[in-house]
Each structure stands twice: as structure tokens, then as C-alpha cells.
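Note sheet for the following structure.
Derivation of every value follows stated rules applied to the coordinates shown; laboratory data play no part. All values derive from a computational prediction rather than experimental measurement. Note: ideal-geometry Cβ built from the backbone for every residue, glycine included; neighbour counts use all protein chains shown.
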Amino acid sequence: MGKNNRPRGPSNSDQLKKYAEDLTEVYKSEKEKRKELEASKQQLVKYADDLNQTILELKAAHQELQEAYFDTIHRLVLAAEYKDEDTGDHIKRMSQYCALIAEKLGMPAKEVQNIIYAAPMHDVGKIGIPDSILMKPGKLTKEEFEIMKSHTIIGANILANSKAEVLKLAEQIAISHHEKWNGKGYPQGFSGDNIPMAGRIVGLADAFDALTSKRPYKEPFPVEVALDIIKKEREQHFDPDVVDVFLENIDEIVKIKAEVVSA
Ligand SMILES: [Fe+2]
């Protein structure tokens, strides 16, 4: 075959043109992909923004609900204490004494938080005690005292069967805050570690506040006198560990007492 009859392949310029066209195609396709990626990215950013906004709104709603929940509890407590106490200061002090003792005893933060809200409900059962007994200025008769004791059971019944941790703890406190370390308390006569810790803490905080507050039948005792009584009741009425922690932190207790006083 002669030189001039050889089949002609694509010329260099044709090949270059083909490469250029391919490259343009690749470039276009890459550009398209990048555009799609950018659009996806923008969409994701928008989703993230929407999600953040929803979380913020949910948090605000949760906060509002929680505040309404604790406000309701507080008002239930005020209703129960209305006839019995001059002001709501007793429950405020109680709550703070209990939280301080619980924290110093090393209880987890969540439990300390629950005690703050549950402790004020300890006497909620007094709502079921007749006024003639609840508001009697003098000493109660034996029969009247038996009825008065039932505020522990009434309170526990009011608070029973809740799924909320705070109310479960409040039920436990209502039934156990008049038990004594030596087993001579009521209503069940439990002793030592058989009394729930929260009940032991509330028992001491309640007694200290009652001793150092004015009541229709008595003037407030000075703190020193109240402390002497509590020391004598160590291992009798009160859990010795709770008494020790209470005494170790008496400065803070007295500070709470000074800050939360009747107007
Ligand atoms: Fe009580």
C-alpha cells in the first residue's frame, strides 16, 4: 500500500478539540455537582437553624411548665400551712435547711434539688386535721394528739402514686418526718436506717425551726438553747450523722434563719 493510501487517523487538532470538549463537559458536570452540594449544604444549615430554634422553644416551654409545676406545689403547701403558720417563711427556711444538710451529707445534686421542692410538703396532711385541734392554743389531749399524728398518713395518701420523683420523695418525707432514730416516733415506729434519709433530714430541720420560732403557745428559743436540745437528742430523736453535719454547718443555718424572717 502506498504512502498516500494509508487510512488517516484523527489529526492532532481533532484530538485536542475532543479533549477540550470532554474537559468542558467534565467541568460543567463538576460545576453542577458543586452547585447541588452547595444547595444541600444551605438546606442542612437551614435545618440546623430550624432545629436550634425548635430546641430553644422546647426548652422555654419546658422551663415554663416546670415553673408552673413548682408554683402549684408551693401553693398547695401554702394552702396546707395557711391556718397553722403565720407566714410561708417556715417552709422556706425548712427547704433551705434541708438542702444544705443534704448537700453537706454528700447527696447527689439532683436529690438535693428534689429535697428543696419536696421538704415543704412534709405537713401537707394537716389539711385533713380539724381546726379545733390544729389551731388549739393549749396542749392537746391524748386523743387529740392521736388525730394530729395522722397528718403524716393523710399527707402520704395525698401524695401517693405519683410518677414524679419530687412527689415520690414528698410522700416518703410526709410519712417519715416524725419517726425517731430510737424507734419512738410515729406513725410506724421505724428506727435508724429504716427511716428514709430525707425524712431524717426534714425531722431535724423541722424541729430546729419549730424550736427557734414563735408559736401561739411559746416564745422562740435562742439558737444556743435549741442546739443544746438537739445535741441531747443525738441518737435519740435524731440521726447522729445528720446532727453532726447540722452542727458543723451551724453558721450557714443561722444565716438562712436570719435571711428568711417574717416581715
Ligand atoms: Fe409534721
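Quick notes
- The mean sequence separation of alpha-carbon pairs under 8 Å and at least six residues apart, normalised by the residue count of segment 116-235, gives a relative contact order of 20 percent.
- Listed peptides 73-83, 14-24 by packing density, highest first (mean Cβ within 10 Å): 73-83, 14-24
- By average C-beta atoms within 10 angstrom, highest first, the peptides 116-125, 223-232, 175-184: 116-125, 175-184, 223-232
- Of all lysines in the structure, those lying under 24 Å Cα to Cα from Lys232, and not within fewer than 8 positions of it along the same chain, are Lys104, Lys139, Lys149, Lys180, Lys184, Lys214, Lys218, Lys255, Lys257.
- Length-normalised contact order for the chain - Cα pairs under 8 Å, 6+ apart - percent: 16
- For the chain, the longest principal axis of the Cα atoms and the long axis of helix 250-259 meet at an angle of about 90 degrees.
- Summed over qualifying helices (DSSP H, 4 residues or more, each -39500 (n - 2.57)) and divided by its residue number, the chain shows a 222 nm mean residue ellipticity of -21500 deg cm²/dmol.
- Spin-label model, Ala60 to Ala160: label points 7 Å out along the Cα-to-beta-carbon direction sit 4.2 nm apart.
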